[in-house]
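Here's the structure, in structure tokens; my notes come after.
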């Protein structure tokens with residue numbers, strides 16, 4: 001599933017084609033996505049101007065000129081592809097097509113249909129069931145070591161599991177949790193509540209650094225993810241530990257340590273048992 005860097009990359013790729021543009025035609029070819037498209041979805045969007053595109057956690061948020069918002073999630077296999085309109089005949093997985101007054105179209109293609117689109121009424125974004133209760137944005141000004149420590153305090157689960165809890169940190173997923181723990185020198189097995197003080201400072205800094213480097217590389221292309229331009233991301237070539245089981249610990253002074261793979265809560269975790277404590 002695309003994580004924060006991939007969604008941020010898609011948002012940045014969509015800003016040029018969509019921000020300030022009016023939607024002249026909306027084609028909803030299939031309504032039964034992860035949650036059904038809202039009633040009269042296409043009719044309610046046509047004629048609306050997209051004022052701004054932003055990201056919240058792993059969600060794309062398009063602010064509309066009527067005060068409402070279009071909320072999108074890419075799911076496991078979703079893509080947003082920009083092309084000149086009208087493009088070629090829609091494929092079987094092109095579920096929603098947005099056409100603009102600039103002669104461009106954005107197609108939401110989602111073979112597995114785990115993605116979603118929803119319309120949010122004016123003033124209702126923060127209270128939306130999918131967004132309410134999310135933790136702080138790790139690239140925002142309100143994220144820091146003390147903030148992270150406060151959200152981890154008292155938690156008896158592992159730190160890896162805590163980082164995947166969107167109520168602790170918004171937008172972080174399996175790849176970037178593994179990478180962040182490596183650079184912070186923290187074992188994924190460590191109890192989350194023990195990550196306080198200097199440990200929390202190191203982890204918050206590592207999360208921010210890893211995510212920023214991933215965004216600069218266009219995200220990680222794993223299975224279905226591509227940028228809005230159709231290009232692949234390249235951060236998978238910079239992974240330090242993720243999917244590197246059995247390889248030497250990179251840039252590490254731990255001796256002859258190798259990357260290990262364990263399973264935590266059904267998810268693969270990669271780490272260096274000597275470097276990470």
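The values are calculated or read from the model by the stated rules, or taken from the named source; none is laboratory data. Just so we're clear, the structure is a prediction, and the values are computed from it rather than from any experiment. When we count neighbours, we look across all protein chains shown, and the Cβ atoms used for this are built from the backbone with ideal geometry, even at glycine.
So which of 115, 103 ends up being in the same structural domain as residue 48 (by TED's automatic domain parsing), surrounded by fewer than 16 Cβ atoms within 10 Å (Cβ to Cβ) and touching a strand residue (DSSP E or B) at 6+ places or on another chain (Cβ under 7 Å)? Break it down stepwise before answering.
Values: 115 fails: surrounded by fewer than 16 Cβ atoms within 10 Å (Cβ to Cβ).
From the options 115, 103, the qualifying one is 103.
Taking the condition in a strand (DSSP E or B) and touching a helix residue (DSSP H, G or I) at 6+ places or on another chain (Cβ under 8 Å), does residue 50 pass? Here the answer is yes, as residue 50 does meet what is asked.
What about residue 83, is it within 17 Å of residue 111 (Cβ to Cβ) and either out of contact with any helix residue (DSSP H, G or I) (no Cβ under 6 Å at 6 or more places or on another chain) or surrounded by fewer than 22 Cβ atoms within 10 Å (Cβ to Cβ) (or both)?
Working: within 17 Å of residue 111 (Cβ to Cβ): no; either out of contact with any helix residue (DSSP H, G or I) (no Cβ under 6 Å at 6 or more places or on another chain) or surrounded by fewer than 22 Cβ atoms within 10 Å (Cβ to Cβ) (or both): yes.
It is false that residue 83 is within 17 Å of residue 111 (Cβ to Cβ) and either out of contact with any helix residue (DSSP H, G or I) (no Cβ under 6 Å at 6 or more places or on another chain) or surrounded by fewer than 22 Cβ atoms within 10 Å (Cβ to Cβ) (or both).
Restricting attention to segment 187-203 and to residues that are surrounded by 20 or more Cβ atoms within 10 Å (Cβ to Cβ) and in contact with a helix residue (DSSP H, G or I) (Cβ under 6 Å, 6 or more places away or on another chain), the residue that is nearest to residue 242 (Cα to Cα) turns out to be 188.
Listed by position, the strands (runs of 3 or more DSSP E) enclosed by segment 72-133 that each have at least 1 residues that are at pLDDT below 95 are 79-84, 104-109. The lone criterion from (1) more than 27 Å from residue 241 (Cβ to Cβ); (2) surrounded by 21 or more Cβ atoms within 10 Å (Cβ to Cβ) left unmet by residue 178 is number (1). In this structure, residue 43 does satisfy being surrounded by fewer than 21 Cβ atoms within 10 Å (Cβ to Cβ), without any contact (Cβ under 8 Å) to a residue 24 or more places away in the chain and not in a loop (DSSP other than H, G, I, E, B).
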